[in-house]
1. Considering only residues of the range 40-50 that are part of a loop (DSSP other than H, G, I, E, B) and in contact with a strand residue (DSSP E or B) (Cβ under 9 Å, 6 or more places away or on another chain), which is modelled with the lowest pLDDT?
2. Residues being of a type in the set (Val, Ile, Thr) and outside any loop (DSSP other than H, G, I, E, B): count how many of those fall in the range 70-93.
3. Using the structure shown, decide if Leu61 is surrounded by 12 or more Cβ atoms within 10 Å (Cβ to Cβ) and among the aliphatic types (A, V, I, L, M).
4. Go through the range 1-25 and give me each residue that's among the charged types (D, E, K, R) and at pLDDT below 90.
5. Spot the failing condition for Pro53; the list is (1) in a loop (DSSP other than H, G, I, E, B); (2) under 20 Å from Tyr115 (Cα atoms); (3) in contact (Cβ under 8 Å) with a residue 60 or more places away in the chain, and only one is missed.
6. Kindly establish whether Leu96 is surrounded by 15 or more Cβ atoms within 10 Å (Cβ to Cβ) and not in a helix (DSSP H, G or I).
Amino acid sequence: MKIIITESQFNPRIHNKFLDILVDKTKIFDGKEYEYRSYDYTDYKYLAKINYPFYKDNFRLNFNDEKMYTFEMPGSYNLKDWFALIGVNIDEAPKLAEDLREKYLDKLQVKIGKYIKEFIDNENNNN
């Protein structure tokens with residue numbers, strides 16, 4: 001028996017695996033209680049850093065709990081080389097690239113929620 005996989009069946013599997021790898025390589029670290037500074041006001045109690053595998057600088061994750069947080073991310077264009085690995089050209093297929101970016105963010109938000117919950121649980125256990 002032959003099984004034929006079409007491109008429309010193959011690509012979503014590749015894309016999902018790729019996004020899982022991308023989320024795995026996105027690091028969240030250095031969680032700490034936020035220290036208020038007059039020039040850098042925030043309504044969030046905690047601060048952590050996010051390092052995306054497709055950008056050298058760290059970005060902020062501000063949070064109070066796993067439902068109340070904000071995070072920064074570099075522009076979509078920084079994903080260009082990563083998307084090229086799976087045959088997605090941002091310039092030629094901007095809609096597909098945007099859809100993949102949105103799926104990445106959805107998966108990343110699950111990781112962020114877990115990080116925040118573990119961080120706050122650890123903080124509560126230490127106090």
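The values are calculated or read from the model by the stated rules, or taken from the named source; none is laboratory data. Model, not experiment: these values are computed from the prediction. Note: ideal-geometry Cβ built from the backbone for every residue, glycine included; neighbour counts use all protein chains shown.
1. The extreme case among them is Thr42.
2. 1
3. Numbers: surrounded by 12 or more Cβ atoms within 10 Å (Cβ to Cβ): yes; among the aliphatic types (A, V, I, L, M): yes.
Yes.
4. Across the range 1-25, the qualifying residues are Lys2, Glu7, Arg13.
5. In the conditions (1) in a loop (DSSP other than H, G, I, E, B); (2) under 20 Å from Tyr115 (Cα atoms); (3) in contact (Cβ under 8 Å) with a residue 60 or more places away in the chain, Pro53 misses (3) alone.
6. no
One line per residue, one yes/no per condition, for (1) within 18 Å of Asp106 (Cβ to Cβ); (2) touching a Cys at 6+ places or on another chain (Cβ under 6 Å); (3) free of Cβ contacts under 8 Å to residues at least 24 places away in the same chain; (4) surrounded by fewer than 17 Cβ atoms within 10 Å (Cβ to Cβ):
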residue	(1), (2), (3), (4)
Leu19	yes, no, no, no
Asp24	yes, no, yes, yes
Lys32	no, no, yes, yes
Lys45	no, no, yes, yes
Asp65	no, no, no, yes
Thr70	yes, no, no, yes
Asn78	no, no, no, yes
Phe83	yes, no, yes, no
